[in-house]
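Each remark here refers to the structure printed beneath this line.
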Amino acid sequence: MKKLILVTSPPACGKTFVSKEIAKALDHVVYLDKDTLIVLSKQIFVVAGEEYNRSSDFFEENIRDYEYMATIDLALEAIDYNDTVLINAPFTREIRDKKYMADLKKCLAEKGAQLVVIWVKTDVEVCKQRMIDRDSDRDTWKLEHWDEYIAGVDFTIPKELDDPECVDKLLLFNNSSTEEFNESIKYIVDTLQD
């Protein structure tokens, strides 16, 4: 059966590295990264004369949801031509929105595809250090306002996906250390290949 794999978690949990390693280990995967759209988003800030801040009200109102819509549209188109599409993106709100997830599952079912969610689980302190290490301008505001930023981030496993009535596959990828990564990559790849 065709699969849309969402690799999701809060920022700096290691989604990109995890996603790329999973994609490399599987055969014939279309890999999509929502961050590829950041170049377009930055231009929107410039044209609007707004400070580049991906935690701002301007970003929330004018950019955030459109990045997700574009990524999902690309994935739904790609699934017509390939059996496996993997999206690397936080989806932190969407994953907890039952209507959003139900609508996505419905679109996928119409294409003969199922949804698989991989939640990357990482300690908060490890995430902060990864943000510091990657030294990206998208994290400047977050690091400068760490307490305010982290207070609004939910690191808990989405209970909506733990619901026994939910038919989504939910796979946990533990990623706070090299040992956890090595154990998780083997488990996840073996599960996806079954």
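The values are calculated or read from the model by the stated rules, or taken from the named source; none is laboratory data. A quick note: this is a predicted structure, and the numbers were derived from the prediction, not measured. Cβ: placed from backbone, ideal geometry, glycine included. Neighbour counts: every protein chain shown.
Could we say that Glu160 is closer than 30 Å to Asn53 by Cα and out of contact with any strand residue (DSSP E or B) (no Cβ under 9 Å at 6 or more places or on another chain) here?
It is true that Glu160 is closer than 30 Å to Asn53 by Cα and out of contact with any strand residue (DSSP E or B) (no Cβ under 9 Å at 6 or more places or on another chain).
Looking at the stretch 86-99, which of the residues that are touching a Phe, Trp or Tyr at 6+ places or on another chain (Cβ under 9 Å) and without any contact (Cβ under 8 Å) to a residue 60 or more places away in the chain is farthest from Met1 (Cα to Cα)?
Among those that are touching a Phe, Trp or Tyr at 6+ places or on another chain (Cβ under 9 Å) and without any contact (Cβ under 8 Å) to a residue 60 or more places away in the chain, it is Arg93.
Is the stretch 51-61 home to any residue that is over 18 Å from Tyr149 (Cβ atoms) and in contact (Cβ under 8 Å) with a residue 12 or more places away in the chain?
no
Kindly establish whether Leu86 is surrounded by 13 or more Cβ atoms within 10 Å (Cβ to Cβ), touching a Ser or Thr at 6+ places or on another chain (Cβ under 8 Å) and either modelled with pLDDT of 90 or more or assigned to a strand (DSSP E or B) (or both).
yes
Quick one: in the stretch 68-83, of everything that is among the charged types (D, E, K, R) and either in a helix (DSSP H, G or I) or closer than 19 Å to Lys169 by Cβ (or both), which residue is nearest to the chain's Cα centre (by Cα)?
Checked the stretch 68-83; the qualifying residue nearest to the chain's Cα centre (by Cα) is Asp73.
In this structure, does Tyr31 turn out to be of a type in the set (Ser, Thr, Tyr) and either modelled with pLDDT under 95 or on the phi > 0 side of the Ramachandran plot (or both)?
no
Taking the conditions exactly as written (surrounded by 15 or more Cβ atoms within 10 Å (Cβ to Cβ), among the acidic types (Asp, Glu) and in a helix (DSSP H, G or I)), does Asp65 satisfy them or not?
Judged against the criteria, Asp65 is not a match.
May I ask you to list the residues in the stretch 1-28 that are outside any helix (DSSP H, G or I), of a type in the set (A, V, I, L, M, F, W, C) and surrounded by fewer than 20 Cβ atoms within 10 Å (Cβ to Cβ)?
Selection gives Met1, Leu26.
Given the conditions (1) within 17 Å of the chain's Cα centre (by Cα); (2) within 18 Å of Lys3 (Cβ to Cβ); (3) assigned to a helix (DSSP H, G or I); (4) modelled with pLDDT of 90 or more, which single one is not true for Val120?
(3)
Quick one: which of Asp133, Asp163, Asp154 is at pLDDT 90 or above and either exposed (fewer than 15 other Cβ atoms within 10 Å of the Cβ) or of a type in the set (Gly, Ala, Ser) (or both)?
So the residue among Asp133, Asp163, Asp154 that is at pLDDT 90 or above and either exposed (fewer than 15 other Cβ atoms within 10 Å of the Cβ) or of a type in the set (Gly, Ala, Ser) (or both) is Asp133.
Take the residues in the stretch 166-190 that are among the acidic types (Asp, Glu) and at pLDDT 90 or above; name whichever of them is farthest from Ile22 (Cα to Cα).
In this case the residue turns out to be Glu179.
So, in the stretch 98-113, exactly how many residues are in contact with a helix residue (DSSP H, G or I) (Cβ under 8 Å, 6 or more places away or on another chain) and not in a helix (DSSP H, G or I)?
1
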